[in-house]
1. Within region 377-396, is there a residue that is touching a residue at least 12 places away in the same chain (Cβ under 8 Å) and closer than 18 Å to Ser290 by Cα?
2. Can you spot a residue in region 756-773 that is in a loop (DSSP other than H, G, I, E, B), modelled with pLDDT of 90 or more and either within 29 Å of Val658 (Cβ to Cβ) or open to solvent by 30 Å² or more (accessible area, probe 1.4 Å) (or both)?
3. Hey, any hits in region 725-748 for a residue that's in contact with a strand residue (DSSP E or B) (Cβ under 8 Å, 6 or more places away or on another chain), among the acidic types (Asp, Glu), surrounded by 12 or more Cβ atoms within 10 Å (Cβ to Cβ) and farther than 21 Å from Thr640 by Cβ?
4. Only residues that are among the basic types (Lys, Arg) and more than 60 Å from the chain's Cα centre (by Cα): list them for region 737-769, please.
5. Report, by residue number, each residue of region 390-436 that is buried (at least 16 other Cβ atoms within 10 Å of the Cβ), of a type in the set (A, V, I, L, M) and farther than 28 Å from Val461 by Cα.
6. Is at least one residue of region 606-619 modelled with pLDDT under 90, open to solvent by 30 Å² or more (accessible area, probe 1.4 Å) and closer than 22 Å to Asn694 by Cα?
7. Can you tell me which condition Asp559 does not meet? The list is (1) farther than 20 Å from Phe668 by Cβ; (2) buried (at least 18 other Cβ atoms within 10 Å of the Cβ); (3) not polar (S, T, N, Q), and all the others hold.
Amino acid sequence: MQLSMKWLADYTDVSDITIKEYCDRMTMSGSKVEGYETLGEDVSGVICGKIVEIDRHPNAERLVICKVDVGAEAPIQIITAATNVFVGALVPVAIDGAHLCGDIKIKKSKLRGEPSDGMFCSIAELGLTLHDMPGAIEDGILILGDVGLGDIPLGADLKEALGLEDKVVEFEITSNRPDCLSVIGLARETAVTFGKELNVPTPKKPTPANDGDKIENYLSVSIKNTDKCYRYSARVVKNVKIAPSPLWLRMKLRASGVRPINNIVDITNYVMLEYGQPMHAFDYKCLDGSEINVRDAADGEKFVSLDSIDHTLDSSMLVIADHNKAVALAGVMGGENSEITDTTATVVFESATFHPGNVRVSAKKLGMRTESSARFEKGLDSENTMPALDRACELVELLGAGEIVDGTIDVYPTKKEKVELPLDADVINAFLGVNLTQEYMADVMKKLEFEVSDDLKTITVPSFRDDVRCMNDVAEEVLRIYGYDEIQSTMSASATPTLGARTERQNFDNKIHDMLVGMGMNEIETFSFISPSWYDKIRLAADDWRRNCVVISNPLGEDTSVMRTTTLPSMLNVLAYNFNMKNTDVKLFDISRVYIPTTQGELPNEPARLTLGFIGKDGFYKMKGYIEAILNIAGATDVTFKACSTEPTFHPGRCAEVYAGDKKIALFGEAHPEVSETYGIAGGVYLAEIETDNLYDCRRADITYTQIPKHPAVERDFSFVCDEDVEAASIAAVIKSASKMVANVKLFDIYRGPQIGESKKSMSYAVMLRAADRTLTDVEADEAVRAILSSLETKLGIKLR
């Protein structure tokens, strides 16, 4: 919201307040100031002059010498090439020492041997446009008489005469304060903040024409959807005279960042800025059936907005329609089919309020965010439609722009109810930690236009303050006017401070992170959004469950259109990038999440993942070592490694799954050759995807001390012949479970050869036997060995070599 300080001065006195003080104190009272701009500061030394004589330049065909009366004793001489100057013309004259837009400095000089005391100015050199000065020409000198300014005294400072000088403050108005999206709203806040009087005149009611003509002869209004339109007020103006607005109105619009157009359109914009109530003007002759219907649009209905853009509407949108067609999109923009033109003779003024959510959704769907929609979508006061309509009609009469037809149409299905709240100084003081009197609080609320009961105990919330609905809101109003900086610092009496600390899960994740960094790995961070085509690159089947993704409804592009269900393609992308950059000695890990869809309408599950990856040869056991280190630091028990040949992303003979009990912890191995080729990586690529939520569940929560064994162990070596598909881990597991005396099992050799037989292998294990309370005898050791061999034969069908 841009606020002209000149316009603000119409309602409250700010002459004794510096602009910096104003911005600071308004921010502290809750109306945040983004900054301010001084208009007209780049123009100085420009005065009004009258051309009294024109002669040809003796040394240049295209130049003329003008004698100009600037109110001094003698005229000055200006040389110009402009073709639109004439004797008697009032023109802006930049005299010696003047400054113009574009950092132009004017000095006396000679042009082709003749002296020139300055220059004439165009509208651009004054920082103006054709909309600011209708009647001017763009490529010539500004003739003041052509723009209705022929009464400016000679020698007068044009910056002052044209109203170019102003200070404009830009506010960032929060969504709960739509009342401050107006000059009057900010004037109210200013008056309360600085303890000034607020003077907002009540708009005069239109003067009756008493010619027997009534609005019922022109128009009827009906609201078909009262859930989306709360109130619709209308008046008719006849005998309209379309013309440029007066200078004072154009300059106020210009300072507020609104382009002047013509008197009728400018009046609606002026009232919107002044009262915060968007209005619209329809050309009456364009309304078929002399009726207005506020209705839902039809699916596929066509609409051309004032900016000449075609739109296709749907039934969720609200339109203002005549008997046959939509003439405006409610709360957003009018239609080209009913706009005000130079031939408009009768106008219908609309002042209405609409459902804020519907206006926002409609504007967003059509990409039509406007000054009007920006206000409506925050929720406007239905009680403000009639004062704004009265003000518009007052301006019509003031500007002589037309005659107001007797009567008003005001359709208001459900009147807004008043809200009453208690004003209890004791409760508010206890809540805020201040010591203010009941009288002070009541005075503040009165200045903010709340009604206060005679006993000062109850307040009635004004209709434009929908954000005040409970004691906390009332306390905030009191405090922001009292001053946040006035609150004294005290120790908290009701709260006990707590010491911040990481959670157990955060400590667990950090421990793994630090260990991986210590092992020479580098952490990466990858996007959760990926392309569906990435699943093709890792060879997932069409019916693989991981292709069922959460789809982004408004993605930046196809490459970020779904949320990943596996982190493997993200890791492969980073490895491929490093490989292409000749950085092959890279070991990476990524702590992130995947997103698993749930039932319709529910948020997805977001399990955590730890992903490892590196490039190299013969890296399977190296990756297994990383996994074992992670399992060890987590303290996971009952861990088993199982060969896996069904994962399409991995080499079928170099892939394994890791379990702790019955919980799957990880999947790791060498990437499938086709995957490596797809990503353009030569050599082996080794990946691991660890389910850290399951790993955390299987952690060793408490570390218990185990005494160092006092008694020696007995070691026995075994070599077994088994089928190729028997896993080393399964043999070790059977050995451990065969006897409680087994302290450790270690595989130390695998042999394949003709002596063993085809599809067979020999596996050798070192088994450590120990009892905690004694030294084992040979008999006890032999008994344990027999139990081990028996269990292996029974469960796996293997025997000693």
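1. No, the conditions are met nowhere in region 377-396.
2. Scanning region 756-773, I find at least one residue that is in a loop (DSSP other than H, G, I, E, B), modelled with pLDDT of 90 or more and either within 29 Å of Val658 (Cβ to Cβ) or open to solvent by 30 Å² or more (accessible area, probe 1.4 Å) (or both), so the answer is yes.
3. Scanning region 725-748, I find no residue that is in contact with a strand residue (DSSP E or B) (Cβ under 8 Å, 6 or more places away or on another chain), among the acidic types (Asp, Glu), surrounded by 12 or more Cβ atoms within 10 Å (Cβ to Cβ) and farther than 21 Å from Thr640 by Cβ, so the answer is no.
4. Listed by number, the residues that qualify are Lys740, Arg752, Lys760, Lys761.
5. Within region 390-436, Leu395, Val396, Leu399, Ala401, Ile404, Val405 qualify.
6. No; the residues of region 606-619 include none that is modelled with pLDDT under 90, open to solvent by 30 Å² or more (accessible area, probe 1.4 Å) and closer than 22 Å to Asn694 by Cα.
7. Single failed check for Asp559: (2).
Let's see how each residue does on (1) in contact with a helix residue (DSSP H, G or I) (Cβ under 9 Å, 6 or more places away or on another chain); (2) more than 27 Å from Glu670 (Cβ to Cβ):
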| site | (1), (2) |
| --- | --- |
| Arg700 | yes, yes |
| Ser739 | yes, yes |
| Gln755 | no, yes |
| Lys760 | no, no |
| Leu769 | yes, yes |
| Ser791 | yes, yes |
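The values are calculated or read from the model by the stated rules, or taken from the named source; none is laboratory data. Everything numeric here is computed off the predicted structure, so don't read it as measured data. Every residue, glycine as well, gets a Cβ built from its backbone with ideal geometry; the counts of neighbours run over all protein chains shown. All accessible areas refer to the heavy atoms of the entire protein, side chains included, with ligands and DNA or RNA removed. Shrake-Rupley method; radii C 1.70, N 1.55, O 1.52, S 1.80 Å.
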